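The values are calculated or read from the model by the stated rules, or taken from the named source; none is laboratory data. These numbers come from a predicted model, not from an experiment. Cβ: placed from backbone, ideal geometry, glycine included. Neighbour counts: every protein chain shown.
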Amino acid sequence: MTPAPALHFKTAVLIVVMVSVAPLGDMFLGKGMKQVGPMPHWAPSGLFDFFFRAFTSETVWLGISLLIAFFVAYLLVLSWADYSYVLPASSISTLVVALLARFALHETVRPLRWAGVAMICLGVFVVGHTHPRTTEQ
């Protein structure tokens, strides 16, 4: 079993990676799909055209790449830390999403939403002060 300080450090590093790349991946994927536009119809030619535009978009691929990086980090951290620790701790990404929405996408984030983000951050703070692994190997 990994000593506690090393477990905390590598878990924290991967959670920071997860919290950084997942919202960015979602943002780029969303921006790319807005550029692609809606699927005009369900006919085979419409499907082909839609997917061709989606999979030739650099923005969509950047989003997909960032989400793959998130998934790899998620797999790694779940291999040594408890799910009940990882998921709440990575929920700090809600703050990153709100900040990206406000400053990168220029969306209006209402005070009630900021209050919800603050409550989630408080929960992350509480979970972050527990041990990442409670089960024995």
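So how many residues does segment 64-110 have that are over 21 Å from residue 123 (Cα atoms), part of a loop (DSSP other than H, G, I, E, B) and hydroxyl-bearing (Ser, Thr, Tyr)? Explain how you work it out, then say what you get.
Of segment 64-110, the ones over 21 Å from residue 123 (Cα atoms) are 64-73, 75-76, 79-80, 101-108.
With the extra rule that they be part of a loop (DSSP other than H, G, I, E, B), the set shrinks to 79-80, 104-108.
Filter once more, so that each one left must be hydroxyl-bearing (Ser, Thr, Tyr): 79, 108.
So the answer is 2.
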Quiz item: How about segment 31-60: which of its residues are assigned to a helix (DSSP H, G or I), modelled with pLDDT under 90 and touching a Leu at 6+ places or on another chain (Cβ under 9 Å)?
Solution: none
Quiz item: Which members of segment 10-29 meet the condition of being surrounded by fewer than 17 Cβ atoms within 10 Å (Cβ to Cβ) and either at pLDDT below 90 or among the β-branched types (Val, Ile, Thr) (or both)?
Solution: 10, 12, 13, 16
Self-check item: Selection within segment 34-91 - of a type in the set (Gly, Ala, Ser) and farther than 16 Å from residue 12 by Cβ
Solution: 37, 43, 45, 46, 54, 57, 63, 65, 69, 84
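If you scan segment 117-133, which residues turn out to be touching a helix residue (DSSP H, G or I) at 6+ places or on another chain (Cβ under 8 Å) and either part of a helix (DSSP H, G or I) or loosely packed, with under 11 Cβ neighbours inside 10 Å (or both)?
If we filter segment 117-133 for residues that are touching a helix residue (DSSP H, G or I) at 6+ places or on another chain (Cβ under 8 Å), which is where we start, we get 117, 120-121, 123-124, 127-128, 130-133.
Correct list: 117, 120, 121, 123, 124, 127, 128.
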Quiz prompt | The listed residue being surrounded by fewer than 16 Cβ atoms within 10 Å (Cβ to Cβ) and in contact with a helix residue (DSSP H, G or I) (Cβ under 8 Å, 6 or more places away or on another chain), out of 79, 65, 45, 90 | solution = 65
Exercise. List every residue pair whose Cβ atoms sit under 9 Å apart, with the two residues 6 or more apart in sequence or on different chains, where the first one lies in segment 48-67 and is under 7 Å from residue 25 (Cα atoms) and the second, anywhere, is in a helix (DSSP H, G or I) and among the acidic types (Asp, Glu).
Key: 63/26; 66/26; 67/26
